[in-house]
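Q: Sharing a structure below in structure tokens format, with a few things to ask.
Any read-out appearing in this document is the output of simple, stated calculations on the displayed coordinates, not a laboratory observation. Computed from a prediction, not measured in an experiment: that's the story for all the values here. Positions of Cβ are backbone-derived with ideal geometry, glycine not excepted, and every protein chain shown enters the neighbour counts.
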Amino acid sequence: MPPLVDPVPSDQQLPNATEVAIIGGGIIGVSAALTLAERGIPVALFEKGHIAGEQSSRNWGWCRQQGRDPRELPLIIKSLALWRKIHQRTGCDVGFRQCGILYLANTPKDVADREAWLQHGLAHGVESRMVSSKEINELLPGSNEHWAGGLYTPTDGRAEPTIAAPAMARAARQLGAKVFTQTAVRGIETSGGRISAIVTENGSVRCSTVILAGGAWSSTFCRSLGLRLPLLMTIGSVFRTAPLNDAPERSVSGAGFAIRKRLDGGYTVSHGSISSFDIVPNSFRFLKDFLPLAWMARKI
């Protein structure tokens, strides 16, 4: 049975106006709503389904700096600082644990790749380090494999996807934000060249700012406005185990697998970073944008 997402009740009456309208009730949308509400800025969030009803409740649950594109690191370092305080902001345990993340290396090339990233991490102050096969087996109780090496970041962590986003949405509501589920946004109205309202399936709401946090659907929404956002959907699968005794606390990624311990003591397990995708019209529409990535994947 898949994990149940913590329910978030919907506000019922659409406001005539708000200052900021957020489209999408995933982790980005609800964290934006919480931050704005904490600052006393009128905000309303609109979600076509349920809060965290799609990818935001089904991901690995890693909160990591390790392995990030160097251009992301300044932002993700600030993000980790926010995760460490999220229980205070939401008033509940969202499962955040600074458990550390370990990338295993099976070959000398894997080691070289990990070492290359390490230089970027150290330059940004990330507390990562290379570890030997002996150290890996000490970090992973019960393991007696021989590894070429690994990359370990003790300051990385994990959180519970089915709890985190709903907790942020509820905390935002307590601070005055409006949260509307089953309320799809169909378009945006402008006046004098500026945003003046959003149009939902239940009516219009005046606003001066819109945050688009629609995840995989953002490209489709942008295209309806005449905007181009190269974005393709991918499909990744995970499975869940029952609770296990004496298993690793750390999140781990190796050749063909990745694991994260959950609050219930079980594990979410993935086959790694490989995802599949369907050939759809956007595949051709954004072909030139994604060709460099396809070439990189081919070389890997």
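Q: Beyond 34 Å, what share of the Cα-Cα pairs of the chain remains, rounded to the nearest whole percent?
A: On the way: 12920 of 44850 pairs.
Every Cα pair in the chain considered, those over 34 Å come to 29 percent.
Q: Show me the trypsin sites (Lys or Arg not before Pro) within region 196-300 that DSSP assigns to loop and that have at most 15 other Cβ atoms within 10 Å of their Cβ. Could you put the intermediate results ahead of the total?
A: Numbers: sites: 206, 223, 228, 240, 250, 260, 261, 262, 285, 288, 298, 299; in loops: 228, 250, 262.
Those that pass, being in a loop and sparsely packed, are 228.
Q: Which whole-number percentage describes the relative contact order of the chain, with Cα contacts under 8 Å and a sequence gap of 6 or more? Please list the in-between numbers first.
A: Numbers: 579 pairs, mean separation 73.6, N = 300.
That works out to 25 percent.
Q: In addition: Binning at 10 angstrom from zero up to the longest distance, how are the C-alpha pair distances of region 62-137 distributed in percent?
A: Reading the bins upward from 0: 17, 43, 29, 10, 1.
Q: Scaled to the compact-protein estimate 2.2 N^0.38 Å, what is the alpha-carbon radius of gyration of region 81-234, rounded to two decimal places? Show your work: numbers first, answer last.
A: On the way: Rg = 22.4 Å, N = 154, 2.2 N^0.38 = 14.9 Å.
Expressed relative to 2.2 N^0.38 Å, the Cα Rg reads 1.50.
Q: If R₀ is 22 angstrom, what is the calculated FRET efficiency for the pair residue 85 and residue 247, using the beta carbon separation as r and rounding to 0.05? Intermediate values should be presented prior to the final figure.
A: Numbers: r = 28 Å, r/R0 = 1.27.
Computed FRET efficiency for residue 85 and residue 247 comes out at 0.20.
Q: If Lys and Arg each add +1 and Asp and Glu each add -1, what is the summed charge of the other residues whose beta carbon sits under 14 Å from the beta carbon of residue 241?
A: My count for the surroundings of residue 241 gives +2.
Q: Can you compute 3J(HN,Hα) from phi for each residue in region 183-194, using the Karplus curve 6.51 cos²θ - 1.76 cosθ + 1.60 with θ = phi - 60°, rounded to whole Hz and x for Gly and Pro?
A: 9, 6, 8, 9, x, 10, 9, 10, 8, x, x, 10
Q: Short version: ³J(HN,Hα) in whole Hz for each residue of region 16-33, in order, from phi by Karplus 6.51 cos²θ - 1.76 cosθ + 1.60 (θ = phi - 60°), x for Gly and Pro, what are they?
A: With coefficients 6.51, -1.76 and 1.60, one gets 5, 8, 8, 7, 10, 10, 10, 9, x, x, x, 5, 5, x, 6, 5, 5, 4 Hz.
Q: Grab the Cα-Cα distance for residue 137 and residue 119, subtract it from 0.36 nm times how many residues apart they are, and report the gain in nm with one decimal.
A: Working: separation 18, 0.36 × 18 = 6.48 nm, distance 2.40 nm.
Stretched fully, the residue 137-residue 119 segment lengthens by 4.1 nm.
Q: Then there's this: Using just the helices of the chain, give the 222 nm mean residue ellipticity in deg cm²/dmol: DSSP H runs with n ≥ 4 each add -39,500 (n - 2.57), and the total is spread over all residues, rounded to 500.
A: -9000 deg cm²/dmol
Q: Can you pull a Stokes-Einstein diffusion coefficient for region 166-227 at 10 °C (1.306 mPa s), Rh from Kirkwood over Cα pairs, as a whole number of µm²/s?
A: On the way: Rh = 13.1 Å.
It diffuses with D of about 121 µm²/s by this estimate.
Q: For region 200-213, in order, what is each residue's ³J(HN,Hα) by Karplus, 6.51 cos²θ - 1.76 cosθ + 1.60 with θ = phi - 60°, in whole Hz (x at glycine and Pro)?
A: Per-residue couplings from phi come out as 9, 5, 10, x, 9, 10, 6, 7, 10, 9, 10, 10, 8, 10 Hz.
Q: Once both labels are modelled 7 Å past Cα along the beta-carbon direction, what's the residue 285-residue 174 spacing in nm?
A: 4.1 nm
Q: Here are some pairs, 109/288; 109/134; 178/261; 85/134; which of them have Cα atoms lying more than 25 Å apart in this structure?
A: 109/288; 178/261; 85/134
Q: Let me ask something else about it. Taking just the alpha carbons, could you work out the radius of gyration and Dmax for region 66-110, both in angstroms?
A: 14.5, 46
Q: Given R₀ = 45 Å, what would the calculated FRET efficiency be for residue 225 paired with residue 39, taking r from the Cβ atoms and rounding to 0.05? Before the final figure, lay out the partial values.
A: On the way: r = 27 Å, r/R0 = 0.61.
Between residue 225 and residue 39 the formula returns 0.95.
Q: Okay, moving on. So what's the net charge close to residue 150: Lys and Arg +1, Asp and Glu -1, counting the other residues with Cβ under 12 Å from its Cβ? Don't skip to the answer; put the middle values down first.
A: Values: positive: 114, 129, 134, 250; negative: 110, 113, 115, 135, 138, 145.
Taking every Cβ under 12 Å from that of residue 150, the sum is -2.
Q: OK, next. Once label points are set 7 Å from the Cα along Cα→Cβ at both residue 269 and residue 72, what is their separation, rounded to one decimal in nm?
A: The answer from the label model is 2.5 nm.
Q: What does the convex hull of the Cα atoms of region 154-292 come to per residue, in Å³, rounded to a whole number? All intermediate terms of the calculation are to be shown ahead of the outcome.
A: Numbers: hull volume 27.9 nm³, N = 139.
Convex hull volume per residue, Cα atoms: 201 Å³.
Q: On the principal axes of its Cα set, how long, how wide and how thick is region 28-85? Give whole Å, largest value first.
A: In descending order, the Cα extents are 34, 28, 21 Å.
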